[in-house]
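Below is one structure, written out as structure tokens; the observations come after it.
The values are calculated or read from the model by the stated rules, or taken from the named source; none is laboratory data. None of the values given here were measured: they were computed from a predicted structure. Counting neighbours? That spans all protein chains shown, and the Cβs are built from the backbone with ideal geometry, glycine included.
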Ligand code: ATP
Ligand code: MG
């Protein structure tokens, strides 16, 4: 009985129950909201299933709530939403679903609560709590959702082969919930996902990426990627990542398994940053390694220019995955491209010019880049790890000093194009750009300070020399 639970004993839910009683309808809170009560997770979306018309009940509830509530009706889907403050109530009629082979969109008919629970994806998502007054707070858990939560297990209510084949998106959802909740896949669920993996092909890329993003934003995203790999879904949805797997040995020399290294970098980074796109950059930072891998009789395995090759692969990956083709992608490209640069700044002999150039290229993303580089240290040798982190600390220090002095991060040329034209009596032409670049290079190389007067003097000097 949950009648007195603070997440069920809410005035708005009592009101829903009263209106349902008045209309003679059975109604229940169902799905994620009920699950999250037991898992102590916050949720503000409340799904209400009505045996009868969800729209009728939503309209009655909205009327009772008056001005403070907002009603939206989606006639074609037979659903309606009532929003009040932070709370969103989603009303839907109980339904029975049957599927055809080539689509994840079922034929839908009105049904009982039981029919509705049967169509749910996992036992933990199929629990319902009654809102009608005489049964208020009664929990209906026909498939043992509570038991599975105690065992931290993801399991389908019915035969998993039917559940996954009907709607293959559920395979992604299973793995996403396992990652978010720290649960395991039940053995039969796991085997069934592997068996039905080819069915993922009928799911749109957008849906897949939605689940991948949720995996990426979890506390430990590697869990999801490892499950995708073990169920053999990975090569179907993300072949480039799958290609990072494995170790080749030659003359007794192996290299790191790039897949597992990558996942460790991703988990390291996830502990430091919630930025979804920086997490994607971590996942993709070595994506160019298979292409750049070569054997050198002296150096052993090498991955020259893998950062560059990786950055070049990203537009195609984003396009195929239907991920955003905008500044977010540019940011990921930049991170992947630059991720080897700070390591080259570690040596004593490194020039201020090299540091300034990195500051210039990374701009305001320099702190993110340094987070990525820190996360990229995955050696098992603790002494080495400590040394690397310390070296990065020194690089950071150097950057701070130079930034204070030269303000390179948000570099704006101290002498603008128009002024160059005016001073030298030039029409708009390529020459103006060349001169602007020469000033920029002189500043980055420390020949002149990042100041207007110095830049102007330098401009006049080089213009006169030529
Ligand atoms: P969250 O909102 O935290 O991602 P949720 O469980 O609320 O988790 P939703 O996608 O909001 O997930 O779906 C609400 C409910 O609808 C689920 O709890 C589940 O009962 C059901 N559901 C959602 N998608 C499916 C699906 N593809 N197959 C079967 N049932 C589903
Ligand atoms: Mg939800």
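Quick notes
- Hits in segment 203-221 - residues which are surrounded by 15 or more Cβ atoms within 10 Å (Cβ to Cβ) and over 12 Å from the mean Cα position of the chain (by Cα): 203, 207
- Within segment 318-349, the set of residues being closer than 17 Å to residue 392 by Cβ, in contact (Cβ under 8 Å) with a residue 12 or more places away in the chain and not in a helix (DSSP H, G or I) comprises 339, 340, 345, 346.
- Residues that are in a helix (DSSP H, G or I), away from ligand 1 (no atom under 16 Å from the Cβ) and surrounded by fewer than 17 Cβ atoms within 10 Å (Cβ to Cβ) are absent from segment 33-55.
- Scan of segment 96-124 for residues that are surrounded by 15 or more Cβ atoms within 10 Å (Cβ to Cβ) and outside any loop (DSSP other than H, G, I, E, B), ordered by number: 96, 97, 113, 115, 116, 117, 118, 123, 124
- Filter result (assigned to a helix (DSSP H, G or I), touching a residue at least 40 places away in the same chain (Cβ under 8 Å) and more than 9 Å from ligand 1 (Cβ to nearest atom)) within segment 17-32: 17, 18, 19, 20, 21
- Qualifying residue in segment 360-379 (condition: more than 21 Å from residue 273 (Cβ to Cβ) and in contact (Cβ under 8 Å) with a residue 60 or more places away in the chain): yes
- Within segment 175-184, the residues that satisfy the criterion of being under 10 Å from residue 154 (Cβ atoms) and either modelled with pLDDT under 95 or within 10 Å of ligand 1 (Cβ to nearest atom) (or both) are 176, 177, 181.
- Any hit, segment 126-134, residues being under 18 Å from residue 170 (Cα atoms) and assigned by TED's automatic domain parsing to the domain that holds residue 22: yes
- Residues located in segment 125-156, provided they are touching a strand residue (DSSP E or B) at 6+ places or on another chain (Cβ under 7 Å), surrounded by 22 or more Cβ atoms within 10 Å (Cβ to Cβ) and assigned to a loop (DSSP other than H, G, I, E, B): 127, 131
- Criterion violated by residue 2 - all others in (1) modelled with pLDDT under 95; (2) within 16 Å of ligand 1 (Cβ to nearest atom); (3) in contact with a strand residue (DSSP E or B) (Cβ under 8 Å, 6 or more places away or on another chain) satisfied: (2)
- Taking the criterion of being touching a strand residue (DSSP E or B) at 6+ places or on another chain (Cβ under 8 Å), modelled with pLDDT under 95 and either exposed (fewer than 15 other Cβ atoms within 10 Å of the Cβ) or in a helix (DSSP H, G or I) (or both), the residues of segment 60-69 that qualify are 65, 68.
- Condition check for residue 181: out of contact with any helix residue (DSSP H, G or I) (no Cβ under 7 Å at 6 or more places or on another chain), within 16 Å of ligand 2 (Cβ to nearest atom) and outside the structural domain of residue 48 (by TED's automatic domain parsing): yes
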